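Notes follow once the structure below has been shown.
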Amino acid sequence: MTALMILCGTTAGAETPLSWMAGDWTGSGWARKTQNHPAERIRCRVSNAYDATLSQVTVEGRCAVAGRQIPMTGALRQIDGNGQLEGDWDTPTDIGSTTVEGIVDDTSIAITLVATAPGSGQDITQVLRWTFEGEKMLLQSTLVADPTEVMSEITFE
């Protein structure tokens, strides 16, 4: 479920994937807490703001799975002209606070989120990839240790 902590949407006419994330968005799909857990239906609402001066998007929102709410806040910022990203995320009722690193290109954003599962301590470090298709944004996360292990798929509109 770590992937559901980092959520966003798109908007037409924007210049970069980071700026496409701005706005109020709803998403739905599925997510798993660890590879040993079953997929659960997930619904999310997020409000993102883009600051072109800082080349940064901030996220505030919440997701719901199986009767529980998961609040989140965070920021992603481009740190150089080569598409390198850094950021920070907080999901106080799930993985807590963590930092992220990644890349942005002409059509997508990918970050690595280092995390352990609450309770079990299992390594659930993931690559989260956002791809943009018109007015939709697709978020998929996979385990770093096993990139064939899909942990979530969420579509935002």
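Could you list all residues from the range 31-54 that are of a type outside the set (D, E, K, R), under 19 Å from residue 125 (Cα atoms) and assigned to a loop (DSSP other than H, G, I, E, B)? Of everything in the range 31-54, those that are of a type outside the set (D, E, K, R), under 19 Å from residue 125 (Cα atoms) and assigned to a loop (DSSP other than H, G, I, E, B) turn out to be 34, 35, 36, 37, 38, 39.
Scan the range 39-61 and give yes if some residue there is modelled with pLDDT under 90 and not hydroxyl-bearing (Ser, Thr, Tyr), otherwise no. For the range 39-61, residues modelled with pLDDT under 90 and not hydroxyl-bearing (Ser, Thr, Tyr): absent. Could you tell me whether residue 72 is in contact (Cβ under 8 Å) with a residue 60 or more places away in the chain, in contact with an Asp or Glu (Cβ under 9 Å, 6 or more places away or on another chain) and either buried (at least 20 other Cβ atoms within 10 Å of the Cβ) or not charged (D, E, K, R) (or both)? For residue 72, the condition - in contact (Cβ under 8 Å) with a residue 60 or more places away in the chain, in contact with an Asp or Glu (Cβ under 9 Å, 6 or more places away or on another chain) and either buried (at least 20 other Cβ atoms within 10 Å of the Cβ) or not charged (D, E, K, R) (or both) - is met. Within the range 74-107, the set of residues being touching a helix residue (DSSP H, G or I) at 6+ places or on another chain (Cβ under 6 Å) and within 17 Å of residue 17 (Cβ to Cβ) comprises 104 only. Remark: pairs (first residue in the range 26-43, within 21 Å of residue 146 (Cβ to Cβ) and open to solvent by 60 Å² or more (accessible area, probe 1.4 Å); second residue of a type in the set (Lys, Arg) and not in a loop (DSSP other than H, G, I, E, B); Cβ separation under 9 Å; 6+ apart in sequence or on different chains) = 30/41.
Considered as a group, the residues in the range 51-69 that are touching a residue at least 24 places away in the same chain (Cβ under 8 Å), open to solvent by 60 Å² or more (accessible area, probe 1.4 Å) and hydrophobic (A, V, I, L, M, F, W, C) include one that is farthest from residue 156 (Cα to Cα), and that residue is 52. The residues on offer are 109, 103, and the sole one that is open to solvent by 50 Å² or more (accessible area, probe 1.4 Å) and either more than 16 Å from residue 72 (Cβ to Cβ) or of a type outside the set (D, E, K, R) (or both) is 103.
One residue stands out in the range 84-93 among those that are buried (at least 20 other Cβ atoms within 10 Å of the Cβ) and of a type outside the set (Ser, Thr, Tyr): the one that is farthest from residue 114 (Cα to Cα), namely 85. For the range 119-132, a tally of residues being open to solvent by less than 60 Å² (accessible area, probe 1.4 Å) and farther than 23 Å from residue 20 by Cα returns 4. Kindly establish whether residue 76 is outside any loop (DSSP other than H, G, I, E, B), within 21 Å of residue 26 (Cα to Cα) and at pLDDT below 90. No; evaluated as a whole, the condition is false for this residue. Scanning the range 133-143 for residues that are over 13 Å from the mean Cα position of the chain (by Cα) and open to solvent by less than 70 Å² (accessible area, probe 1.4 Å) yields a total of 2.
The values are calculated or read from the model by the stated rules, or taken from the named source; none is laboratory data. If you're wondering where the values come from, they're calculated on a predicted model, not measured in any experiment. Note that each Cβ is placed from the backbone with ideal geometry, even for glycine, and that neighbours are counted across all protein chains shown. We work out accessible area using only protein heavy atoms, side chains counted, and drop any ligands, DNA or RNA first. Shrake-Rupley method; radii C 1.70, N 1.55, O 1.52, S 1.80 Å.
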